[in-house]
Amino acid sequence: MQRQINSAAELETWLKDKSELEAALEENFAWRYIRMSCDTANEELVKDFQYFATEIEPKISPVANLLNRKLVDSDYIDDLDQDKYFVYLRAVRKALELYREENVPLFTELQVTQQKYQATTGAMSVEINGQEYTLEQAANFIKDINRELRQTAWQTIQQRRLVDKDNLNIVFDELIKMRHQVALNAGFENYRDYMFQAMGRFDYTPQDCYAFHDAIAQEIVPILKEQAANRAGALGLEVLKPWDMEVSTSGKPALKPFNSGEELIDKTISAFSAISEDLGHMLKVMKANSLFDVESRKGKAPGGYNYPLAETGAPFIFMNSAGSLRDLTTMVHEGGHAIHTFLTANLELNDFKHCPSEVAELASMSMELISMDKWAIYFDNPADLVRARKEQLLDVLKTLPWVAVIDKFQHWIYTNPEHNAADREEAFKQIYTLFGAGFTNWDGLEQELGNLWQKQLHLFEVPFYYIEYAIAQLGAIAIWKNYRENPEKALQQYLAALALGYTKPMKEIYETAGIKFDFSSTYIAELAAFVREELEKLD
């Protein structure tokens, strides 16, 4: 803090030293979070995480603000390479603008309260056919060709979620109250408007999101309704229920692309190596250094993530695999994030590696589609391979309306902060219905429908981080379209875009990847038509 800076060169050295300190702190936090999510029942690990959140992080925030102020007030800031530092300095100035000392304890309390979601959901398990399963493992039964078993599994899972419904609603009410106060303290009317600034959404507005929701309803929902009608016909059903949406219409058992977590890792290394030896090598490094935890088990937090280790320069992949196709796509998705981590590891400043989610998710979702050409590694039977690719493409389309639902729901939540749990449930049902309500019949399942939103971890732990999945999904389809036309060029463009980290504005990163940053109705229609054509080739 007291160091004298007497030139632009000294300012750059100071920035690198500041970056090194930030990376060390970030990695320390990362390991606390990783270890806790791997074993949520371990009280010592929970305490280690909470110590950082309550004792370390609150002390970092004011110091970080002072360091940002020192940078912005430097006589030599204008002598820095403005092209190189434009994105970084823009973010620093925004952080200074939003910083409020009274929000520091609120952020601490938010960290601790958000963790209650993992602790609650990580403890959930169900019994099916006399055996205990995590919810991720039990979800495999929803793909079973026996409809009675599917229904039992789906209802058992939902009933287990309903046991903790009220507790999670209380937690969520606490989070909304604190988040709203954060926004008021920073001079905003609501948390939505605050978060658009805090997340650095310089390239689009809330109004653009609403238009995006409408475009998805207009262009994607009709395709999925058509697919749902085809599904009902293939299954010989007059009405589809929620437990009918994951089973294969081929009449064959659910696809099983691997039998163990280690096999999933090894096959994914082979698939990435087939795309590029360099990509496969990255995952080999991770395996050699025990940077995977992929098996589902009781006491483990739900979901999956890739956590960059800021100082080490490698990532950690966490997920809950149970032998399903969804686990395969999760692995290649997180593998895309992992590649991004490796490609940005040597950027000069730690902040250069902090990509906006619209870029981070482009890395992961593109790899889901690019890797499909190598999925024969997971499937010996050609018919199974075709099924897997078809299911993946349908999932690509299904992602878009669900993202629209969650995003629109979040807009409603934070622009109506005085609502109660019953209001929230009703709002979710209305919004979900606008996008096809999963294209199923929910008669007699109103309670389960109203509680469906609680399965979405993002709402509790990373508010407003969700629309990025839809934006990135469109970008991923565009990258895959290029890859189908010219694999070598498209892969080169994709990797070049990822290697930029966040040293360029978002639109420029998309252009480097050979695609447009565009989520207009026209663009959505164009890309949806491409996916539909690819689906027809698989019939």
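The values are calculated or read from the model by the stated rules, or taken from the named source; none is laboratory data. Not measured: the values here are computed from a predicted model. Note: ideal-geometry Cβ built from the backbone for every residue, glycine included; neighbour counts use all protein chains shown.
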Answer from Asn486, Asn441, Asn416 - the residue that is touching a residue at least 24 places away in the same chain (Cβ under 8 Å) and of a type outside the set (D, E, K, R): Asn441
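Need at least 3 residues that are over 30 Å from Glu174 (Cβ atoms) per element, so show me which helices (runs of 4 or more DSSP H) inside region 416-533 make the cut, counting only ones lying wholly within it. Please lay out each step first, then the result.
On the way: elements: 421-434, 446-450, 457-461, 467-485, 487-499, 506-512.
By residue number, 467-485, 487-499, 506-512.
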Qualifying residue in region 189-206 (condition: surrounded by fewer than 15 Cβ atoms within 10 Å (Cβ to Cβ), within 24 Å of the chain's Cα centre (by Cα), closer than 30 Å to Asp351 by Cβ and of a type in the set (Val, Ile, Thr)): yes
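Got a sec? Which of Ile176, Ile157, Ile128 is modelled with pLDDT under 95, touching a helix residue (DSSP H, G or I) at 6+ places or on another chain (Cβ under 8 Å) and aliphatic (A, V, I, L, M)? Quick ask: steps written out before the conclusion?
Values: Ile176 fails: modelled with pLDDT under 95; Ile157 fails: modelled with pLDDT under 95.
One residue alone meets the criteria, Ile128.
Pick out the one residue from Leu237, Leu279 that is in the same structural domain as Gly438 (by TED's automatic domain parsing) and either over 30 Å from Gln115 (Cβ atoms) or assigned to a loop (DSSP other than H, G, I, E, B) (or both). Even if it seems obvious, please write down each step before you answer.
Details: Leu279 fails: in the same structural domain as Gly438 (by TED's automatic domain parsing).
Going through Leu237, Leu279 in turn, just one is in the same structural domain as Gly438 (by TED's automatic domain parsing) and either over 30 Å from Gln115 (Cβ atoms) or assigned to a loop (DSSP other than H, G, I, E, B) (or both): Leu237.
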Those residues of region 1-29 which are touching a residue at least 40 places away in the same chain (Cβ under 8 Å), in contact with a helix residue (DSSP H, G or I) (Cβ under 7 Å, 6 or more places away or on another chain) and outside any helix (DSSP H, G or I), in sequence order: Met1, Ile5
Single unsatisfied condition, Glu238 versus (1) closer than 23 Å to Tyr432 by Cβ; (2) surrounded by 16 or more Cβ atoms within 10 Å (Cβ to Cβ): (2)
The one condition in (1) under 23 Å from the mean Cα position of the chain (by Cα); (2) under 24 Å from Pro315 (Cα atoms) that Met245 fails to fulfil: (2)
Condition check for Thr54: of a type in the set (S, T, N, Q), farther than 25 Å from Ala186 by Cα and surrounded by fewer than 17 Cβ atoms within 10 Å (Cβ to Cβ): no
Conditions (1) surrounded by fewer than 18 Cβ atoms within 10 Å (Cβ to Cβ); (2) within 23 Å of Asp244 (Cβ to Cβ); (3) touching a residue at least 40 places away in the same chain (Cβ under 8 Å): number failed by Phe107: (2)
Subset of region 297-323 that is among the polar types (S, T, N, Q), over 14 Å from the mean Cα position of the chain (by Cα) and surrounded by 21 or more Cβ atoms within 10 Å (Cβ to Cβ) - its residue that is farthest from Leu255 (Cα to Cα): Asn320
Meets criteria (surrounded by 17 or more Cβ atoms within 10 Å (Cβ to Cβ), assigned by TED's automatic domain parsing to the domain that holds Arg179, of a type in the set (A, V, I, L, M, F, W, C) and in contact with a Lys or Arg (Cβ under 6 Å, 6 or more places away or on another chain)) for Phe530: no
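Looking only at region 427-467, filter to residues that are charged (D, E, K, R) and over 25 Å from Ala183 (Cα atoms); which one of those is farthest from the chain's Cα centre (by Cα)? If you could, list the steps in order and put the result at the bottom.
Going residue by residue through region 427-467, those that are charged (D, E, K, R) are 429, 443, 446, 448, 455, 461.
After this cut, where a residue has to be over 25 Å from Ala183 (Cα atoms) as well, the list is 429, 443, 446, 448, 455.
Details: Lys429: 23, Asp443: 31, Glu446: 27, Glu448: 24, Lys455: 14 Å.
Ranking the candidates gives Asp443 first.
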